[in-house]
1. Considering only DSSP beta bridges with both partners in the chain, what is the antiparallel share in %, to the nearest 5?
2. For the chain, what does -39500 (n - 2.57) per DSSP helix run (n ≥ 4), summed and divided by total residues, give at 222 nm, in deg cm²/dmol to the nearest 500?
3. As an exercise, use a Förster radius of 35 Å and the Cβ-Cβ distance of residue 126 and residue 37 to find the FRET efficiency, rounded to the nearest 0.05.
4. May I ask you to derive the FRET efficiency for residue 539 and residue 92 from their Cβ-Cβ distance with R0 = 30 Å, giving the value to the nearest 0.05?
5. Test of understanding: what is the full-extension gain from residue 356 to residue 407, defined as 0.36 nm times their sequence separation minus their Cα-Cα distance?
6. Cα convex hull of segment 30-111: mean projected area in nm², to one decimal?
7. Can you spot the aspartates and glutamates whose alpha carbon is less than 12 Å from residue 499's alpha carbon? Ignore those fewer than 8 places along the same chain.
8. Quick check for me: using +1 on Lys/Arg Cβ and -1 on Asp/Glu Cβ, what's the dipole size of the chain about its Cα centre, in debye to the nearest 20?
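The values are calculated or read from the model by the stated rules, or taken from the named source; none is laboratory data. No experiment lies behind these values; they were computed from the predicted model shown. Here Cβ is always computed from backbone atoms with ideal geometry, including for glycine, and neighbour counts include all displayed protein chains. For the accessible areas, the whole protein counts, side chains as well, though only heavy atoms, and no ligand, DNA or RNA atoms are used. Shrake-Rupley method; radii C 1.70, N 1.55, O 1.52, S 1.80 Å.
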Amino acid sequence: MQTAPNFAYSARDIEETYGKSLKKLEDGVKKIISVPDKERNFENTIRAFDNATSDFADTLTIPIFLAYVSSDKDIREAAYKTEAAMSQYMVDLFTREDVFDALNAYAGMGDKPGEVEQKLTDKTLLDFKNTGLGLPEEQKKEVKKLMKELIRKQLDFSKNLLAVKDYLAVTEAELKGLPESYKQHLKKTEDGKYKVTMDYPDYLPFMSNAEDGEARRKLESIYNNRCAEENTRLMEDALELRKKIAHILGYKSHADYVLADRMAKNSETVFKFLGGICDKLKDKAGKELDIRLKMKNNGEKVLHAWETAYYNNKLRKEKYAIDHEKIKEYFPLETVINGMFDVFGSLLGARFVPAKLPVWHKDVRAYEVKNDDGTTAAYFYFDLFPRDNKYKHAACFGIRAGRELLDGTYQTPAAAIVANFPAPNAGEPSLLKFDDVETLFHEFGHVTHNIFTRARYGRFSGTSVSRDFVEVPSQILENWAYVPEVLKKVSGHYKDPSKKLPDETIKKLQAAKNMDAGLFYLRQLFFGILDMTYHTSEEKLDTTAVYAKLMKEIALIPMSEGVHPQASFGHLMSGYDAGYYGYMWSKVICMDLFSRFEKEGVMNRETGRSYRELILAPGRSYDEMEQVRKFLGRESNDRAFLKSIDAA
């Protein structure tokens, strides 16, 4: 077992670490190239390359992670520079003819390694071919130049969003509908108004509860105009760069270039998949929209973007008598965390033990993850409250990849959840809304994928799976948030922990689960089709016009006038380009997997151990769909998904 990760880096340390790790990687690559072709084997060529690049990534993961969580500006700047330098170096590396020739020489020897080793060989060579190897020299140089330019634009896009300080100043009257606890955590302007920022703990409750429609309209306008001018330009530039790269590499579109290495394989399959589900949901979504328009009752036949969350919340309160501001009193953060550890620890065969380990901020809590036999499986961290210059959303970050080292030992994986849940204030503990509990379960699903990996090679470790499979372990855990015995474990009123979430409330949550499933999944389908449209178009797009057209046609909600939501659609600029469909693709798979738990028992330890062994542990070592077949004992289908949203 390796020691726990260390986060004590200064800006200078980060710069020096990059230099040293780069030299080590270069030395490793030189050694691989120097092996005479007739002496090549899997160990001294393919595995040596995987080990060298994995060492490089492991060494820099934490310094780069600090860009998203450090309170020190110099450290963040050094981390951003390191992330950019590393990304651009990897473009250089995977366009090097000498490295490709060395790896390809082994591949051409006719050696027959094991199944996983052959897959590693094939995937590694594909990585090189997809950067232009095998093309004429001029085209290869052009691909390399375009990829570097693309990386710069993607990083600038993310950096702009992280720096957002926008807010709406509102009066006491405009806060009508919000609880007193919400007002207490808001900062004030010099003239005494309240600042509602773009951070989720400010934005989401306001859009769901504020009775003043004009105030909601203003806030939604600011929110969906974040970085409008600069990021719209960066996204449209990125779309053109991606298109050029794909064409040079011989692909019809950027989407087809990306999908060649996914479960879906091509854009035609994705459009067919998304369109098929869209057709099945239009009737359900149309009925849901009619219900909300009747509630609105002002003669308009349109539900605006600033009204959807409000009327959804209003419907929950009126039809299902669900008041999420009241429900959150049963979800103090500590109770939820302890209950979550109890549930999934029991199911997956692990214990989460609080530990005094190095951390990056005083608010961070650390754990050792213990197997049933007492051995340490992994390290895990929580960084849960908002602070300036911190990552603004909720996400799982891999801290260290689990993999077999050259000495035969297994590197202990580590992962963190970085979120922005409401911090304790005025004597009241941090209280989570039910949506927050679902979010926590979702991100914890990604954590389980990282910490329970037993993949031998870094290339296949943890969440390094096909992009359209990566959300399966996260989405499946959301189902446990609706199981009564689980809700009893993760709840307890903050004034009296013995008072669990009432049975009546649980039944209402279950009943309300699908009250907007049609509209919700149409919105997901809209994002997926938007993404595919952006990345298959032969023409230069007006991304704002396309967004507006598809949003109205598919999501049934018009885009607000004058906004540019794509300017803050970070997924499309940070690795989910031509991949957003993966949320729906993986949702269908995860519901099928969950159907086995429903049949055998949602707390069945044997089923949980089977899930850990067949779905979590392999990473990408084996074909994902084959692992799904093994777990289910049959081919996967969409029946469980449609049944789960009352659309079967």
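1. Just about 85 percent of them are antiparallel.
2. That calculation yields -17000 deg cm²/dmol at 222 nm.
3. Between residue 126 and residue 37 the formula returns 0.95.
4. 0.40
5. Computed gain between residue 356 and residue 407 is 15.5 nm.
6. Details: hull surface 23.3 nm².
Seen from a random direction, the Cα hull of segment 30-111 projects 5.8 nm² on average.
7. Partners found: 329.
8. 800
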